[in-house]
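Worksheet: the structure to be examined is printed underneath.
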Amino acid sequence: MPQNLSPIPELYVSADSAQRLKVEAGELVSHDLTSRQLCDLELLMNGGFYPLKGFLPQADYDSVVSDMRLADGKLWPMPITLDVSEAFADKVALGDDIALRDQEGVILATMTVTDKWEPNKALEAEKVFGADDSAHPAVNYLHNTAGAVYLGGPITGIQQPVHYDFRSRRDTPNELRARFRKLGWRKVVAFQTRNPLHRAHQELTFRAAREAQANLLIHPVVGMTKPGDVDHFTRVRCYEAVLDQYPASTTTMSLLNLAMRMAGPREAVWHGLIRANHGCTHFIVGRDHAGPGKNSAGRDFYGPYDAQDLFKQYQDEIGVEMVDFKHMVYVQEKAQYFPADEVPQGDTVLDISGTELRRRLAEGLEIPEWFSFPQVVAELRRTRPARNKQGFTVFFTGFSGSGKSTIANAVMVKLMEMGGRPVTLLDGDIVRKNLSSELGFSKEHRDLNIRRIGYVASEITKNGGIAICAPIAPYATTRRAVREDIEAFGAFIEVHVATSIEECERRDRKGLYKLAREGKIKEFTGISDPYDVPENPEMRIETENSDVDHCAHQVILKLESLGLITA
Ligand code: PPS
């Protein structure tokens, strides 16, 4: 593919106009961008999403969803949308300019709203992600995080989002193009990654570049990746260590502030277009590129080669050539890496899967030098200490009077007796007194209450402590959101205290069921308000025939079996 390194159009106004526009925009209705929208806006403004001129208007959106093309026919596989709440949408009329602010309130851009509509999210999920299945992180986001209304229209960029971390490693498409021009790099292979690099990656990327007779751009995503991934701070420190392993002047690295959608084939095409905008000529696409994992039936969302097939089909339009990702394995006798299909006959192949690596890290086991670089392993161990040294959250859920608090208390005391990590109990009643005293029991207030508990628990988990939560937490989607927040930092163990409503009512320790039956307490869980029974909790406890000590002991045994505590 011919390389084009002339500057790509950006959406920024000149510095003088920016100053004036910023003052004027202070008067406009303003929208606080979500983390994902902030990533999207940055790439819209700096040309990473060229030829988009703003968040998609409806005609472009419809066409992208159904045909992977903008309304004018240009290839674009991913809907880049500004989702807002209905309440916000009501404040905006077509033709209005709105200010787009970052999370600190800084105005980054204005947008002229040309379109406003309620999208068919189920259709978007089916078409873009292949299934309306909330096990897919982007579908879950679509239904449970994104607002109900989309606004579309052109953007006027005022300033770039500010990044305080790894500033010298961040480049706009035009900065990278200029760098390639200056270095005389006429062919550039980009490698997209959201994981730490080990020796096999170094081998395969170097090999891919050599085969294409090109230079190499390590282009990791540091915006939003798959929930549960290693945080980008750790990854960038790991990448920096690996960068030293490439022959000098063949390879460079730049960080891409992209919010991934994990959309497999469509995502691969999108990644290709983004790399073309960054001045690359080749792009490495591997097995299950940007795969979201398993669907709710336990099967992969996409076939392992779907992304490669789709990419090949659109390669000319994308403007970058696909380079096949070779699965590299270590051959013991030769003490070097080979593509899996070129291993000399009879030789011994060594490989460590991602799952096995996580297990070894979790259990503090040896990670051999042939697999990774010592600096990378040291970084990973620093961030992910062995499981018995990490923070975690035990989240009890169940009806009022089911025994959650009593068991939670007993578990807390047992853990404190063992020592080693600080333990905090976030019991329903304690939280309602100290954190949520103004809240009632509507769905909105319960959700807010649980999100607050989740936030505190995630901070405790992140900092290596043990959080024990014991609210009713009646809604499955909210429990899932809390799980995601916490699993970014450590284990989340959901314990369903499955005492039946009849038994809770029979016990009626606080006399609340009686009042609920008499209608004196409204929206009472299990009587006049819903409770979603957890479908796949880590543990379910029956309290009707066991005493508290036995129930608490079962939890302790579970924590032991997960390697979170050692006897
Ligand atoms: S929630 O739904 O998770 O926000 O509830 P939570 O914060 O755990 O608070 C539940 C405790 O509040 C008392 N209470 C009620 N529970 C359910 N429904 C209604 N309407 C209600 N009104 C007051 C009740 O004592 C719960 O305490 P526990 O410890 O669960 O028995």
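Brief remarks on what is shown
- Count of segment 433-445 residues which are within 11 Å of the ligand (Cβ to nearest atom), out of contact with any helix residue (DSSP H, G or I) (no Cβ under 7 Å at 6 or more places or on another chain) and of a type outside the set (Gly, Ala, Ser): 5
- Qualifying strands (runs of 3 or more DSSP E) (wholly inside segment 382-501; at least 1 residues being of a type in the set (D, E, K, R) and within 24 Å of the chain's Cα centre (by Cα)): 491-497
- Looking only at segment 499-556, and only at residues there that are touching a strand residue (DSSP E or B) at 6+ places or on another chain (Cβ under 9 Å) and hydroxyl-bearing (Ser, Thr, Tyr), the one that is farthest from the ligand (Cβ to nearest atom): THR543
- Hits in segment 358-385 - residues which are without any contact (Cβ under 8 Å) to a residue 60 or more places away in the chain, of a type in the set (A, V, I, L, M) and under 27 Å from LEU559 (Cβ atoms): LEU361, LEU365, ILE367, VAL377
- The listed residue being crowded, with 16+ Cβ neighbours inside 10 Å, over 24 Å from HIS289 (Cβ atoms), more than 22 Å from the chain's Cα centre (by Cα) and hydroxyl-bearing (Ser, Thr, Tyr), out of THR205, THR156: THR156
- Restricting PHE399, PHE371 to those that are buried (at least 18 other Cβ atoms within 10 Å of the Cβ) and either of a type in the set (Gly, Ala, Ser) or near the ligand (Cβ under 9 Å from one of its atoms) (or both) reduces the list to PHE399.
- For the condition surrounded by fewer than 19 Cβ atoms within 10 Å (Cβ to Cβ) and of a type outside the set (A, V, I, L, M), PRO220 does not qualify.
- Residues in segment 324-377 that are assigned to a loop (DSSP other than H, G, I, E, B) and charged (D, E, K, R): LYS326, GLU333, LYS334, ASP347, ASP351, GLU366, GLU369.
- Qualifying residue in segment 466-478 (condition: in the same structural domain as MET416 (by TED's automatic domain parsing), away from the ligand (no atom under 16 Å from the Cβ) and touching a strand residue (DSSP E or B) at 6+ places or on another chain (Cβ under 8 Å)): yes
- Test: residue in segment 342-357 that is more than 16 Å from the ligand (Cβ to nearest atom), crowded, with 22+ Cβ neighbours inside 10 Å and without any contact (Cβ under 8 Å) to a residue 40 or more places away in the chain: no
- Test: SER546 is surrounded by 14 or more Cβ atoms within 10 Å (Cβ to Cβ), farther than 22 Å from ALA476 by Cβ and either at pLDDT below 95 or of a type in the set (Ser, Thr, Tyr) (or both): yes
- Annotation: of all residues in segment 112-132 being surrounded by 20 or more Cβ atoms within 10 Å (Cβ to Cβ) and touching a residue at least 60 places away in the same chain (Cβ under 8 Å), the one that is farthest from the chain's Cα centre (by Cα) is VAL128.
- Looking across segment 472-491 at every residue that is of a type in the set (Ser, Thr, Tyr) and surrounded by fewer than 18 Cβ atoms within 10 Å (Cβ to Cβ), the one that is farthest from ASN449 (Cα to Cα) is identified as THR477.
Residue-by-condition table, conditions (1) near the ligand (Cβ under 7 Å from one of its atoms); (2) of a type in the set (Asp, Glu); (3) within 23 Å of THR499 (Cα to Cα):
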residue	(1), (2), (3)
VAL411	no, no, yes
ASP447	no, yes, yes
ARG451	no, no, no
LYS462	no, no, no
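- ALA138 being in contact (Cβ under 8 Å) with a residue 12 or more places away in the chain, closer than 30 Å to VAL376 by Cβ, touching a Lys or Arg at 6+ places or on another chain (Cβ under 7 Å) and part of a strand (DSSP E or B): no
- Residues that are modelled with pLDDT under 95 and on the phi < 0 side of the Ramachandran plot, drawn from segment 244-280: ASP244, GLN245, TYR246, PRO247, ALA248, THR250
- The condition (being crowded, with 23+ Cβ neighbours inside 10 Å and in the same structural domain as GLU175 (by TED's automatic domain parsing)) is satisfied by just one residue among ALA248, ALA259, ALA290: ALA290.
The values are calculated or read from the model by the stated rules, or taken from the named source; none is laboratory data. Because the structure is a prediction, the values reported are computed rather than measured. All Cβ positions, glycine included, derive from the backbone under ideal geometry; neighbour counts span all protein chains shown.
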